[in-house]
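I have placed the structure first, in the form of structure tokens, so that the comments after it can refer back to it.
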Amino acid sequence: MFCKIVSLSIFLSLAHSQDEDAITKLQNAVLVLQHRVSVTEAQLEKTQTRLTQADVKLQQAEMNAAALKTQLAKEGKEIQRLKNSYTNNSGTTFVHWGRTSCPGTPSTTLVYSGAVGGTHYTSQGGAADYVCLPPNPQWNKYGQGGTSSGMYGTEYQDLDNLFGTKNAAKFLDNDVVCAVCHVASRSSQIMIPARRECQPGWTKEYEGYLMATYEGQGGKKLFTCVDENPEVARGSFEDKNGALMYRVIAQCGSLQCPNYVQGRELTCVVCTK
């Protein structure tokens with residue numbers, strides 16, 4: 001009996017020792033879990049702080065974007081205003097020699113039409129250019145006397161059927177007309193001699209023939225591009241001379257032939273861009 005009691009005591013002692021070990025292990029496990037929870041909570045707090053900071057930055061970015069959109073809208077309006085101002089205040093003009101109307105090219109409008117004037121063909125002085133005179137002059141002081149320079153009307157001369165067999169007599173000694181044209185959407189204009197087409201990127205306003213005064217006469221005139229389908233001033237058939245317009249032909253020698261050909265009338269084209 002005593003031996004049984006001793007054995008039971010030993011068993012209970014061992015069982016108690018094992019329970020204490022298990023409790024210790026559980027306590028250690030709880031401590032580990034508590035530490036992990038503490039670390040996780042700290043990480044969560046840092047993450048929350050970062051999210052808050054990111055949210056603040058996002059809100060600031062959205063505010064900046066809204067401000068940029070507002071500024072962009074203002075800049076867009078200013079750009080449009082400048083474009084409108086440029087359109088309204090830009091452009092170029094050219095004279096449509098030989099016609100009383102402007103070509104039908106886009107944004108080209110008539111400023112005025114009139115007759116071509118210039119210095120007398122025999123004059124050693126005066127001006128070298130033809131001008132487009134309006135039909136309704138405005139005077140200031142006049143009748144002052146003294147030495148002066150004269151302004152004459154301009155007549156077609158010796159065209160040799162340049163504008164068609166049926167029209168040759170019609171143009172001889174008739175007055176040359178003109179039109180001043182404005183192009184709103186283009187800002188440059190050039191006249192290209194000896195060409196019928198413009199360079200790439202340029203708009204063709206009209207083509208025609210190069211004209212000037214006769215080289216054997218005293219006066220000199222700038223080369224002028226007269227429309228290939230010219231008009232004449234009504235009721236102007238009267239051989240009064242004044243300023244004159246002759247066709248211009250190629251003269252080989254100092255002029256490279258080919259591609260130029262002796263005696264051929266030179267063409268021309270007026271272009272804008």
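The values are calculated or read from the model by the stated rules, or taken from the named source; none is laboratory data. Since we're looking at a predicted model, the values are computed, not measured. Reconstructed Cβ throughout: ideal geometry from the backbone, glycine too, with neighbour counts over all protein chains shown. Protein only, heavy atoms only, side chains kept; ligands, DNA and RNA dropped before computing areas. Shrake-Rupley method; radii C 1.70, N 1.55, O 1.52, S 1.80 Å.
If you check C181, C198, C225 for being over 22 Å from L255 (Cβ atoms) and open to solvent by less than 20 Å² (accessible area, probe 1.4 Å), only one passes: C181. Among the residues here, M211 does not qualify as modelled with pLDDT of 90 or more and either among the charged types (D, E, K, R) or open to solvent by 60 Å² or more (accessible area, probe 1.4 Å) (or both). For the range 116-129, the count of residues that are under 34 Å from the mean Cα position of the chain (by Cα) and either open to solvent by 80 Å² or more (accessible area, probe 1.4 Å) or not small (G, A, S) (or both) is at least one. Of all residues in the range 150-178, those being modelled with pLDDT of 85 or more, exposed (fewer than 15 other Cβ atoms within 10 Å of the Cβ) and hydroxyl-bearing (S, T, Y) number 0.
Just give me the residues in the range 51-94 being hydroxyl-bearing (S, T, Y) and either at pLDDT 85 or above or not in a helix (DSSP H, G or I) (or both), in sequence order. Break it down stepwise before answering.
First, pick out the residues of the range 51-94 that are hydroxyl-bearing (S, T, Y): 52, 70, 85-87, 90, 92-93.
Once the filter is applied, which keeps residues that are hydroxyl-bearing (S, T, Y) and either at pLDDT 85 or above or not in a helix (DSSP H, G or I) (or both), the range 51-94 yields T52, T70, S90, T92, T93.
Considering the range 103-115, the residues that are open to solvent by less than 30 Å² (accessible area, probe 1.4 Å) and in a loop (DSSP other than H, G, I, E, B) include one that is modelled with the lowest pLDDT, namely T105.
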